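S.K.: Shown below is the structure under consideration.
The values are calculated or read from the model by the stated rules, or taken from the named source; none is laboratory data. Because the structure is a prediction, the values reported are computed rather than measured. Cβ placement follows ideal geometry from the backbone for every residue including glycine, while neighbour counts extend to all protein chains displayed. The area values use the complete protein model at the heavy-atom level, side chains included, leaving out ligands, DNA and RNA. Shrake-Rupley method; radii C 1.70, N 1.55, O 1.52, S 1.80 Å.
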Amino acid sequence: MGLLNGRVAVVTGTSRGVGVGIARELLLEGATVIGCSRSALPALPAADGIAGAAERSAQWVCDQGDHGSIDQFVGRVVDTYGRIDILVNNAGGTVPSPSVESVPSLVSRIQGAPTSDDDYERSVLFHAFAIQMNLISPLWFAIRVYRQMKEQEGTGSIVNISSGAGHPAGSPTLVSYGAAKSGLNHLTRSLAQEWGPKVRVNCLALGPTMTENFQSFVLPDDDKSGRQYFQKVPLQRAGEPREVGRACVFLCSGQADFVNGTTIEIDGGMLPGVLYEAGLKTITDLL
Ligand SMILES: NC(=O)c1ccc[n+]([C@@H]2O[C@H](COP(=O)([O-])OP(=O)(O)OC[C@H]3O[C@@H](n4cnc5c(N)ncnc54)[C@H](OP(=O)(O)O)[C@@H]3O)[C@@H](O)[C@H]2O)c1
């Protein structure tokens, strides 16, 4: 028996990266998993190679920047599967910028933010986009899913995927992203207080995690395994998406029934600030 047998889980941002590792671990523990992304895919990538997982998974389009799209997506999940027990708010992310007041157009383009030829306008749009995607959209998703959870039998679990950039020490090069993730940690506590005992709300603050984008845009070309890069991190490596998935399984299972409103750091024991300079180098080399 899996720890999550019979549970229906929504995971955002499952077309690549950390979301694939999360969806896969939930599937391996028996959950039905419905993932989403802006890009259309024929099936949930995480289901690949797991016997029977294709029948209890789906990958549908949803743009979390549009609350109407979230409403439609969640409605479709409930119409199809009858309930939602788990939400993992994973979609989000950013690209480091060498200056907060003048965001280079390359950084803005890689991030996928609305852009402009005007330097000031491009910078303010970039920051608004980071806060929308890493704070406001997860709140929209949580609200829409809670409205369903409170009407159904049993208790629900929401996990917000945050970042070490939200640490109170500050996050130069990731100013708006860090502020958004710090807000996500705070919002986790507030929602846990509003929504208990019906729904538990927790948060995972990730350190660097090995994804395709992390390898392309952060790790230097001559150190793609990160051997040099992670020397100042006690465990001397990045996290893996499946390790984030294991922590999600714990938080959403009966093993964490009394864990609520908390943010767990999952970063190999990294101290704040040790990688900001190194993390910017690949981008500045591209500029
Ligand atoms: N990787 C790290 O080192 C790291 C470190 C700390 C925290 N995190 C956090 O972990 C989470 C996942 O990051 P990642 O590294 O896996 O990012 P990623 O590789 O860029 O993947 C992001 C996922 O979210 C989807 N997505 C993006 N915008 C979306 C939108 N508007 N609506 C719906 N889906 C959207 C993407 O698919 P589409 O593009 O097709 O929409 C993709 O599936 C983020 O919250 C990030 O802040 C990551």
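S.K.: Ignoring any ligand, DNA or RNA, what whole percent of the accessible area of the range 35-162 comes from carbon and sulfur when the probe is 1.4 angstrom?
M.R.: Working: 2970 of 5820 Å².
Reported share for carbon and sulfur atoms: 51 percent.
S.K.: So, one more: Can you compute 3J(HN,Hα) from phi for each residue in the range 236-250, using the Karplus curve 6.51 cos²θ - 1.76 cosθ + 1.60 with θ = phi - 60°, rounded to whole Hz and x for Gly and Pro?
M.R.: Each residue of the range 236-250 in turn: 6, 6, 7, x, 10, x, 5, 6, 5, x, 5, 5, 5, 4, 4 Hz.
S.K.: Working with all protein chains in place, sort Asp79, Asp223, Asp71 by solvent-accessible area computed with a 1.4 Å probe, largest first. Don't skip to the end; give the middle numbers.
M.R.: Working: Asp79 135, Asp223 15, Asp71 75 Å².
Descending accessible area places them as Asp79, Asp71, Asp223.
S.K.: Could you work out the mean projected area of the convex hull around the alpha carbons of the range 8-286, in square nanometres to one decimal?
M.R.: Quarter of the Cα hull surface area: 14.4 nm².
S.K.: By a straight-distance test (C-alpha under 24 Å), which lysines pair with Lys281 as possible cross-link partners, with residues fewer than eight away in the same chain excluded?
M.R.: Counting by Cα, and skipping residues close in sequence, Lys281 has these lysines nearby: Lys181, Lys224, Lys232.
S.K.: Go through the cysteines of the chain and tell me which have no other cysteine Cβ under 4.7 Å away.
M.R.: By the Cβ distance rule, which asks for a partner under 4.7 Å, the isolated cysteines are Cys203, Cys248, Cys252.
S.K.: Report the full-extension gain for the segment Arg227 to Leu41: residue separation times 0.36 nm, less the Cα-Cα distance, to one decimal in nm.
M.R.: Details: separation 186, 0.36 × 186 = 66.96 nm, distance 3.37 nm.
Length gained, Arg227 through Leu41: 63.6 nm.
S.K.: A further question follows. Work out how much length Thr155 to Gln193 would gain on full extension: take 0.36 nm times their residue separation and subtract the Cα-Cα distance, in nm to one decimal. Before the final figure, lay out the partial values.
M.R.: On the way: separation 38, 0.36 × 38 = 13.68 nm, distance 1.45 nm.
That pair, Thr155 and Gln193, stretches by 12.2 nm at full extension.
S.K.: Sticking with this structure for a sec: Which ³J(HN,Hα) values in Hz, rounded to whole numbers, follow from the phi angles of the range 258-275 under the Karplus curve 6.51 cos²θ - 1.76 cosθ + 1.60, where θ = phi - 60° and Gly and Pro get x?
M.R.: Computed from phi, the couplings for the range 258-275 are 10, 9, 8, x, 10, 10, 9, 7, 10, 9, x, x, 5, 7, x, x, 5, 10 Hz.
S.K.: Continuing with the same structure: Given labels modelled 7 Å from the Cα in the Cβ direction, how far is it in nm from Asp285 to Arg246?
M.R.: The answer from the label model is 3.1 nm.
S.K.: In the Gaussian network model of the chain, springs joining C-alpha atoms below 10 Å, which of Gly13, Gly269, Gly65 carries the largest mean-square fluctuation?
M.R.: Comparing Gly13, Gly269, Gly65 in the GNM, the peak value goes to Gly269.
S.K.: Which sequence of Ser157, Ser216 reflects their accessible areas, 1.4 Å probe, from the largest down?
M.R.: Values: Ser157 5, Ser216 65 Å².
Output order, biggest surface exposure first: Ser216, Ser157.
S.K.: Protein chains only, probe 1.4 Å: how do Leu106, Leu191, Leu235 rank by accessible area, largest first? It would help to have the intermediate numbers written out before the result.
M.R.: Numbers: Leu106 45, Leu191 20, Leu235 110 Å².
Order by accessible area, largest first: Leu235, Leu106, Leu191.
S.K.: Now, a different point. For the range 1-102, evaluate the Debye formula with one uniform point scatterer on each Cα (no solvent term) and list log10 I(q)/I(0) at q = 0.20, 0.22 Å⁻¹, rounded to two decimals.
M.R.: Summing over Cα pairs of the range 1-102 leads to -0.94, -1.12.
S.K.: Springs between alpha-carbon atoms under 10 Å, Gaussian network over the chain: tell me which of Ala54, Ala165, Ala40 tops the mean-square fluctuations.
M.R.: Result: Ala40 has the largest fluctuation of those listed.
S.K.: Round to the nearest 0.05 the FRET efficiency obtained for Val100 and Val274 when R0 = 25 Å and r is the Cβ-Cβ distance.
M.R.: Details: r = 20 Å, r/R0 = 0.81.
In this case the efficiency is close to 0.80.
S.K.: Please identify, among Ile264, Ile22, Ile161, the residue showing maximal mean-square fluctuation in a Gaussian network model of the chain using a 10 angstrom Cα cutoff.
M.R.: Ile264
S.K.: Can you work out ³J(HN,Hα) from phi for every residue in the range 198-212, in order, using Karplus 6.51 cos²θ - 1.76 cosθ + 1.60 and θ = phi - 60°, giving whole Hz and x for Gly and Pro?
M.R.: In residue order, the calculated couplings are 6, 9, 8, 10, 9, 9, 10, 9, 7, x, x, 10, 6, 10, 4 Hz.
S.K.: Ok, one more. For Val88, which sequence-distant residues (separation of 5 or more, or a different chain) have an amide H within less than 5 Å of its own amide H, given hydrogens modelled in the peptide plane?
M.R.: Val10, Val11, Thr12, Val159
S.K.: Place a label point 7 angstrom from the Cα of Thr262 along the Cα-to-Cβ direction, then list the residues of the range 1-36 whose backbone nitrogen is under 15 Å away.
M.R.: Under 15 Å, as judged by backbone N against the label point of Thr262, lies no residue of the range 1-36.
S.K.: In addition: Quick one: Cα centre-to-centre distance for the range 232-287 and the range 71-145, in angstrom?
M.R.: Between the Cα centres of the range 232-287 and the range 71-145 lies a distance of 19 Å.
S.K.: Ignoring ligands and nucleic acids, what accessible area does Asp63 show with a 1.4 Å probe (Å², nearest 10)?
M.R.: 60 Å²
S.K.: A further question follows. How much accessible surface does Lys232 have with a 1.4 Å probe, in Å² rounded to 10?
M.R.: Near enough 150 Å² of accessible area.
S.K.: Suppose all protein chains stay in the model; what accessible area per residue would a 1.4 Å probe give for the range 8-286, in Å²? Mind dumping the intermediate values first?
M.R.: Numbers: 12660 Å² over 279 residues.
For the range 8-286, the solvent-accessible area averages 45 Å² per residue.
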